[in-house]
Amino acid sequence: MNMSAQRDFYEVLGVDRRATTAQITDSYRKLAVRYHPDKNPGDEAAANRFKEAARAFEVLADENLRARYDRYGHAGLQGGPQHEFNDISDIFEAFGDMFGGGVFGEAFGGGGKRRGSRARKGRDVFCTVSMSLVEAARGATKTVEFSRHEACATCDGSGAKKGTKAAACDYCGGRGQVIQQAGVFRVQTTCPACQGAGSVIREKCPDCGGAGLTEEHVERRVTIPAGVDRDVRVRLAGEGEPGGNGGPPGDCYCVIEIEEHPFLTRDGRDLHCEVPITFSQAALGATVEVPTLDGPKPLEIKRGTQAGDVIRVRGFGMPEVRGRGIGDLHVHVHVEIPKTLSPKAEQLLRELAAEEQKAVSPRRSSFFSRLAEYFQPPDDADAESAEPEEKR
């Protein structure tokens with residue numbers, strides 16, 4: 001952690017540098033209750049203040065740590081015995097049983113629980129489900145594969161060699177917790193020897209190495225609803241890693257990947273495609289086949305269709321996941337200009353060009369008339385009369 005980024009511990013607790021231990025404790029108790037996570041659920045700022053106050057209290061309540069801090073500041077604490085409060089439970093673990101009922105008293109539940117005895121939900125696992133655009137539109141049932149840990153079949157999850165069992169931890173006497181002296185206070189922490197379990201395995205299972213778990217390959221069937229998009233996650237409840245101390249297992253999240261379609265691209269619930277047509281089809285109109293999720297479908301191209309026009313076909317897009325309608329298909333028209341022409345085609349186009357010169361459309365006439373007027377120089381009379389005006 002950057003030492004310069006930390007606030008002064010006296011400022012954090014709101015006490016004077018000459019404050020007594022009792023005053024420091026009283027101030028910390030008030031801050032701990034004010035920013036307690038049970039009182040501020042989901043508030044990250046409150047959780048950070050809660051941890052910040054715990055760090056400040058740990059140092060200022062210890063005579064030796066406080067003396068080092070007063071002399072050297074935060075730099076004097078590096079490498080010291082203070083805790084690293086990465087999680088709220090670390091604070092409960094360190095200070096939850098102080099003063100015969102806890103710094104937090106009885107106002108909040110769970111503050112004095114031992115970490116090793118808490119039921120913990122298992123870790124979630126993830127897998128990928130690859131689908132075509134058509135499958136995503138219709139919905140599908142897929143087989144997914146992933147790895148997770150399961151109780152070792154050899155030792156039934158105990159971690160001990162068959163015929164043996166775990167013994168009480170000698171370091172903590174089977175309690176899973178040890179008492180450490182921190183200045184004038186006694187601090188209860190997780191036993192470093194058994195990690196809070198209260199027992200140790202002296203003869204480990206040869207198959208799981210004492211972990212009680214082995215990695216297993218799992219296959220499951222998952223139903224994907226119609227309309228899903230890429231990166232959507234479908235949950236398989238209870239298919240994750242096993243929980244700790246009797247806690248529930250985690251979940252498996254199936255992350256959707258949509259394969260590229262050769263003709264269609266997706267934008268939310270709408271689909272887009274590009275359809276090339278010839279100059280004559282654009283000018284005279286035609287019926288062409290366009291790609292859809294159900295295969296090629298006929299589409300009418302109206303006379304005078306321009307390059308870049310977009311034709312909207314309602315109801316041929318993707319369905320909403322929750323069944324709230326279907327998107328549209330947007331056909332982007334691309335008029336192809338031939339690079340080579342047969343003699344007959346060239347002759348016909350030359351005749352068309354000659355016809356266009358005789359019968360110019362009103363819009364083209366207006367454009368070229370305005371273009372000629374813009375670049376036409378003023379006559380001499382206007383130029384001469386304009387010169388004196390500029391000199392004035």
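Please treat every number below as a calculation from the coordinates, not as lab data. Not measured: the values here are computed from a predicted model. Positions of Cβ are generated from backbone atoms using ideal geometry, with glycine treated the same way; all protein chains shown enter the neighbour counts.
Starting from the coordinates of the alpha-carbon atoms of the range 1-60, obtain the Kirkwood hydrodynamic radius over all distinct pairs and give the value in Å to one decimal.
11.9
For GLY240, what residues show an amide H to amide H distance below 5 Å, using hydrogens built from the backbone and excluding near sequence neighbours?
GLY250, ASP251, CYS252
Amide H to amide H, which residues 5 or more places from GLY247 or on other chains are under 5 Å from it, using H placed in the peptide plane?
So GLY247 has HN proximity to ARG120.
So between ALA67 and LYS344, what do we pick up on full extension, going 0.36 nm a residue minus the alpha carbon distance?
89.6 nm
What FRET efficiency comes out for the pair GLU219/GLU274, r = Cβ-Cβ distance, R0 = 30 Å, nearest 0.05?
Calculated value: 0.15.
Let's see if you can work this out: charge +1 on each Lys and Arg Cβ, -1 on each Asp and Glu Cβ, no other charges. What is the dipole magnitude of the range 227-270 about its Cα centre, in debye to the nearest 20? Each step should come with its number before you reach the end.
Numbers: 5 positive and 10 negative charges, 34 e Å.
That gives the range 227-270 a dipole magnitude of about 160 debye.
For the range 187-316, with only Lys/Arg (+1) and Asp/Glu (-1) charged at the beta-carbon, what is the dipole magnitude about the Cα centre, in debye rounded to 20? Mind dumping the intermediate values first?
Values: 14 positive and 20 negative charges, 94 e Å.
The calculation lands at about 460 debye.
For TYR374 and LYS297, what is the calculated FRET efficiency with R₀ set at 51 Å and r taken between the beta-carbons, to the nearest 0.05?
About 0.65, to the nearest 0.05.
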